[in-house]
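The values are calculated or read from the model by the stated rules, or taken from the named source; none is laboratory data. None of these values were measured; they are calculated from a predicted model. As a convention, Cβ positions derive from the backbone with ideal geometry for all residues, glycine included, and neighbour counts pool all protein chains shown. For the accessible areas, the whole protein counts, side chains as well, though only heavy atoms, and no ligand, DNA or RNA atoms are used. Shrake-Rupley method; radii C 1.70, N 1.55, O 1.52, S 1.80 Å.
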Amino acid sequence: MTMRPDAKVLEPHPPRITQKNNVTAGVLLMIAATIVFALQDGISRHLAGQYNTFMVIMIRYWFFALFVIALAARAPGGIRATARTDQLGLQIFRGVLLVAEICVAVYAFTVLGLVESVAVFICYPLLVAALSGPVLGETVGWRRWAAISVGLVGVLIILQPGVGVFDPLAIIPFISALMFALYGLITRYAARRDSTATSFFWTGVAGMVAMTLVGMWYWEPMSPGDWRWMGLLCVSGVTGHWLLIKCYEMAEASAVQPFAYFHLIWAAALGVVVFGEVIRTNVAIGAAIIVAAGLFTLWRERQKG
């Protein structure tokens with residue numbers, strides 16, 4: 001999966017009573033996770049540019065499902081206890097929504113490149129903040145609304161909807177961000193009754209089943225060299241999630257979340273160095289505004305907490 005500024009919704013960390021608070025280690029693990037996920041984005045961009053996106057993500061999810069099943073098997077009570085839920089429909093919908101969002105995000109990489117796609121996508125935490133009121137009934141104060149408004153101005157600066165050369169494809173990563181925001185809110189709602197381990201399990205299993213039903217119709221031969229890239233893609237996904245799990249075991253989420261924005265730096269570097277992309281001035285300005293608004297929102301949440 002691509003890295004998200006609040007990827008904690010995916011991570012099955014232990015109960016807080018066993019959690020340490022080594023902020024330095026947590027920050028280093030978060031930065032390492034952003035590097036791995038940026039690498040995963042770059043490999044996804046390469047493979048999806050050569051092969052059908054559905055097939056690439058299907059294979060990726062096979063490996064991811066094995067990972068979550070292995071985690072569940074090692075948990076107390078095994079797979080049966082981890083998978084137990086009385087809101088199965090909601091959990092399946094979450095998994096399908098996430099895999100659909102990943103399809104949209106990877107497609108954006110192929111048509112827009114890493115730099116612009118990730119620059120727009122990082123507005124996701126602001127969308128979560130905006131939708132938390134109508135979806136979850138949470139209070140959204142004027143300061144948060146101000147940060148959200150400023151962040152969306154950054155998105156508009158990147159998209160440049162008022163200029164004659166506006167490309168409608170630039171909306172794709174914004175749709176991806178909106179889908180992931182909805183996924184994050186549904187995950188938060190599901191967490192009221194299910195553990196994070198249960199939600200994580202159904203994220204992988206439901207997504208794998210849904211993607212297999214779609215991707216099997218788009219199978220095409222892959223060269224031996226690209227199978228190696230596919231293997232690295234699968235390993236990087238598991239490694240990234242493992243780093244996130246360890247990150248949230250070591251430190252409080254509020255302390256390490258701001259460093260998730262390093263993902264934008266690594267993705268932009270890959271886009272420029274490996275794929276020859278160009279960082280346009282409006283993209284740099286818009287991304288800086290979005291990051292600043294997102295960091296302010298995280299700071300406000302920490303103050304309230």
Note to self: Please compute the per residue accessible area over the range 51-165 with all protein chains in place, 1.4 Å probe, rounded to a whole number of Å².
What the structure shows: 42
Note to self: Order 79-86, 181-188 from most to least packed using the mean count of other Cβ atoms within 10 Å.
What the structure shows: 181-188, 79-86
